[in-house]
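Enquirer: Let me give you the structure first, and then I'll get to my questions.
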Amino acid sequence: MIESVTLGNGTPMGQSVVNLVMNAGFLAKIDLLIVLLFSLGSWGIMLDKYLQFSRLNKSSVEFMRLFKHARHLGDMADQLKSVKPSPLVRIFIAGYRQLERRPGTEPGEAVFSPTNTTRLDLALDDAIITEIQNLERRVTFLGTCGSITPFLGLFGTVWGIMTAFQGIGSAGSASIAAVAPGIAEALITTAAGLAAAIPAVMGYNFFLLKIRLANVMFERFRSSFLSVLE
C-alpha cells in the first residue's frame, strides 16, 4: 500500500499545498488562476493538435496508396470523390483544377504552356501554404505559454516574499516558524509556473517538428504530382 507523504506537523503534503493555496493572498490567487488558464489552454491545444496530426498521418497513407495505383490524374480525381477531405486531397484538387485536357484524350492528360505551368505552380504553392498555416494555428500559444508562465510564477514568488518580509517586520520576529509559511506560499507560484511551462515548451517543439515533416511530405507530393505530367 502506498502511504501519503506527511510534513513535520503530520499534515499530508497534498493537503498542505491546498491549504497554502486557499490561504494565499488575493494577488497570489489571481496569479495562480492565470497560470492555470494558460496550462488548461496549452493542454487543450496539445490534445487537439495530436488528434489533427493523427488524422493527417492516416489520411496521407490512404491518399498516397490511391495516388500510386491510379492510372492517370483523372482516375485519381474520380476516386477522391468518395474520400474525406484532407490536406493532400486539397493540394491535389488545387493542382488538378489548373490542368487543361487535350481534346480526344483521357482525363488527366494535359497540355502545358508557360502560363499554364505558372498557374499550376502558384496553385500548388498556395494550397501547401494554406495547409501549413492550418497546422500552425494555435501552436504559437504553446510557445507563449512556455515563455510567460515561468515569469508569472516568479512574479508571484517575489510578491509573496515581499509580503512575508513585511510580516516579519510587523511581528518583529525572524524565526523559521514565522518565515516558512510565507516563503512556502510564495514558492507555490513558481512551481505552478514551471508545471505549466515545461509541457507547453515540449509540446511546442514536438509540433514544430511535426509541421516541418508535414511540409516535407507536401513538397514531395508536389514533386510527384508534377513528375506525372512530364
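Throughout, read-outs are computed from the coordinates displayed, never taken from laboratory work. Keep in mind that this is a model prediction, so the values were computed, not measured. Neighbour counts are summed over all protein chains in view; Cβ atoms, including those assigned to glycine, are modelled from backbone coordinates with ideal geometry.
Enquirer: Take the cross-link list 29/210; 58/81; 58/210 and give me the ones stretching past 25 Å between alpha-carbons. It would help to have the intermediate numbers written out before the result.
Expert: Values: 29/210 36 Å; 58/81 18 Å; 58/210 14 Å.
Flagged as over cut-off: 29/210.
Enquirer: At a 10 Å Cβ-Cβ cut-off, how would you order 71, 137, fewest neighbours first? Display every interim value, and only then the final one.
Expert: Numbers: 71 9, 137 13.
The most exposed by this proxy come first: 71, 137.
Enquirer: Now, a different point. Short version: ³J(HN,Hα) in whole Hz for each residue of segment 134-146, in order, from phi by Karplus 6.51 cos²θ - 1.76 cosθ + 1.60 (θ = phi - 60°), x for Gly and Pro, what are they?
Expert: Couplings: 5, 5, 7, 4, 6, 5, 4, 4, 5, x, 5, 4, x Hz.
Enquirer: Tell me, what HN-Hα J-couplings in whole Hz come from the Karplus equation 6.51 cos²θ - 1.76 cosθ + 1.60 at θ = phi - 60° for each residue of segment 196-210, using x for Gly and Pro?
Expert: Karplus-based 3J(HN,Hα) across segment 196-210 equals 7, 6, 4, x, 5, 5, 4, x, 4, 5, 5, 6, 4, 5, 4 Hz.
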